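All remarks here apply to the structure that follows.
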Amino acid sequence: MENFKRRLYEIIEVGDKNDYASRSYDTMMLVAVIVGILPMTMKGTTPCMVYVNLITNIIFLFDYVSRVYTADYKLGYKSLRTHVAYVFTPMAIVDLLSLVPMLAIILPRSARVDFFVMFKVLRVVRMLKLVRYSKTMVIIENVLRRVKKELLTVLFLTFGYIIASALFIFQLEPSLFDTFFDALYWATISITTIGYGDISPVTTAGRMITMISALVGVAVIALPSGIITAGYMDEITRKKTKYEK
């Protein structure tokens, strides 16, 4: 039984060139992910798409259960807590969300209508499963994991500035916004320098805040890009050094 479990783990993980079964499984998963999002390109539902949805859901369910079952090999230690811990890892959450569209098949017809849009949107999450099978995406995942503290700091400062500027503009030009959410929307659009123009301040103070938000937005965009680029170069250098050794 233990040999079967270990072999199952070897198959569902990204395989090397010499493991035909593992490489075939990887190919099957790639095809399932790509085919599984095809229904989103159509407005209606055809009988063919229903069968495609059913088959891909079964494949994703098998993949999720297998990965939870072999989590002790993935995480490196044997314990019941290992399987629980794996369920809360980022990729396991992606796998679980990929199964939510299956509810469209399980739920009664009367309930499907209410959740139909949610089911279709969550199919997009399946594209994140491709991260496992792309070496470049694995590198980017490692980079994001290494610089997450720096990125979270920038994100925290950005949210703080958005809330502060929204509060300022909401008090300076109350007639411009129906709700505070509209002010938050304006602050977000301004700091990202998109500037749709649907909400435009008319007072001098409001325009000054808009100008400051645009200037802050340049830094907000540049900081994460610089952090990720530096982390990416460090990761590439680290891998080259490892291969040279």
* For LEU215 and ARG7 in the same chain, what is the full-extension length gain: residue separation times 0.36 nm, less their Cα-Cα distance, in nm? -> 69.3 nm
* Quote the relative contact order of segment 27-90 in percent (integer), defining contacts as alpha-carbon pairs under 8 Å separated by 6+ residues. => 24 percent
* Could you please state how large a percent of the accessible area of segment 31-79 is carbon and sulfur, counting protein chains only and using a 1.4 Å probe? => 78 percent
* To do: Output the relative contact order of the chain, whole-number percent, from Cα pairs under 8 angstrom with separation of 6+ residues.
  => 15 percent
* Please name which of LEU184, PHE88, ILE227 has its Cα lying farthest along the dipole of the chain towards the positive end, using unit charges on Cβ (Lys, Arg +1; Asp, Glu -1) and the Cα centre as origin. => PHE88
* Structure fact -> Taking protein heavy atoms only, a 1.4 Å probe, and rounding to whole percent, the accessible area of segment 139-210 owed to carbon and sulfur comes out at 69 percent
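Once fully extended, how much extra length lies between LYS239 and LEU167, figured as 0.36 nm per residue of separation less the alpha-carbon to alpha-carbon distance?
Working: separation 72, 0.36 × 72 = 25.92 nm, distance 4.66 nm.
Result for the pair: 21.3 nm of gain on full extension.
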* **Angle in degrees between helix 2-12 and the longest Cα principal axis of the chain, rounded to the nearest 10** => 50 degrees
* To do: Just reorder VAL220, VAL33 by solvent-accessible area, largest first, 1.4 Å probe, all chains present.
  => VAL220, VAL33
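The values are calculated or read from the model by the stated rules, or taken from the named source; none is laboratory data. Worth saying up front: this structure is predicted, and the values here are computed from it rather than measured. Methodologically, a virtual Cβ is constructed for each residue, glycine included, from the backbone with ideal geometry; neighbour enumeration extends over all protein chains shown. The protein model used for the area step is the full one, side chains on, heavy atoms only, and it has no ligands, DNA or RNA in it. Shrake-Rupley method; radii C 1.70, N 1.55, O 1.52, S 1.80 Å.
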